[in-house]
1. Going by the structure shown, is residue 46 of a type in the set (A, V, I, L, M), buried (at least 16 other Cβ atoms within 10 Å of the Cβ) and at pLDDT 95 or above?
2. When residues of the range 6-65 are filtered for being within 20 Å of residue 85 (Cβ to Cβ) and more than 14 Å from the chain's Cα centre (by Cα), how many remain?
3. Considering only the range 21-42, how many residues are polar (S, T, N, Q), more than 19 Å from residue 93 (Cα to Cα) and part of a helix (DSSP H, G or I)?
4. For a quick check of your reading of the model, give me the residue pairs whose first member lies in the range 77-96 and is free of Cβ contacts under 8 Å to residues at least 60 places away in the same chain and surrounded by 12 or more Cβ atoms within 10 Å (Cβ to Cβ), whose second is among the aromatic types (Phe, Trp, Tyr) and in a helix (DSSP H, G or I), with beta-carbon atoms closer than 6 Å and at least 6 apart or on different chains.
5. Restricted to the range 43-76, and to residues that are in contact (Cβ under 8 Å) with a residue 40 or more places away in the chain, assigned to a helix (DSSP H, G or I) and of a type outside the set (A, V, I, L, M), which residue is farthest from residue 5 (Cα to Cα)?
Amino acid sequence: MTQRRYAPLYVTFGLSILTIVSLFTVNARFFPNLYLMTAIWVYIALDIALIATLIWGLFSKEKMVRVFSLVGNLGLIVPLSIWIFLLLLANGISEA
């Protein structure tokens, strides 16, 4: 029962590792024929997963889970959203 109580924290930790790894590996060095929109969709999927985990953590009954979920997820959502915006801006400039 205690493991289920901290499940949002485990998912947040896993998503944070996945986000950091994807920021360094989803680029043209590792995938030479990668389209920019493919990378953008990967980051959008991670952002949606982080938002879902944030909502899941905020509905927890323990205060520590709520606080860590809020701080941890927002600490990843904000920079990732800025990165997505910059990639969309670069995609728009290159297409025009």
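1. So residue 46 fits the description; yes.
2. 7
3. The qualifying residues number 2.
4. 84/43
5. 43
The values are calculated or read from the model by the stated rules, or taken from the named source; none is laboratory data. Being a predicted model, the structure only gives us computed values, none of them experimental. Methodologically, a virtual Cβ is constructed for each residue, glycine included, from the backbone with ideal geometry; neighbour enumeration extends over all protein chains shown.
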